[in-house]
Amino acid sequence: MLAANQGLYNGFLAAGLVWGLIYPNAAAGVHIQAFFLACVIVAGIYGGLTVKKTILYVQGGPALLALLAVLAA
């Protein structure tokens with residue numbers, strides 16, 4: 001059950017990032033990508049506070065790095 005949830009979660013994340021990449025307006029595409037990555041960061045913070053602290057680093061860390069990369073591009 002947990003693996004199915006993670007697969008769905010990752011699928012939505014990938015769809016949002018790809019949508020942002022192919023969006024006709026590049027500036028709006030960056031906002032779309034930033035939104036989806038921010039959602040992952042929020043989920044990582046929530047998981048770190050409510051379940052296990054390492055979730056913050058394992059889930060939120062890569063999302064934060066990806067968000068910084070998107071904003072720097």
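The number of residues in the range 27-56 that are free of Cβ contacts under 8 Å to residues at least 12 places away in the same chain and aromatic (Phe, Trp, Tyr) comes to 1.
Anything in the range 8-32 that is of a type in the set (Phe, Trp, Tyr) and either at pLDDT 95 or above or within 15 Å of Leu71 (Cα to Cα) (or both)? List them, or say none.
First, the residues of the range 8-32 that are of a type in the set (Phe, Trp, Tyr): 9, 12, 19, 23.
If the condition is that a residue be of a type in the set (Phe, Trp, Tyr) and either at pLDDT 95 or above or within 15 Å of Leu71 (Cα to Cα) (or both), then Trp19, Tyr23 are the ones that fit.
The values are calculated or read from the model by the stated rules, or taken from the named source; none is laboratory data. Here the structure is a predicted model, which means the values were calculated and not measured. Methodologically, a virtual Cβ is constructed for each residue, glycine included, from the backbone with ideal geometry; neighbour enumeration extends over all protein chains shown.
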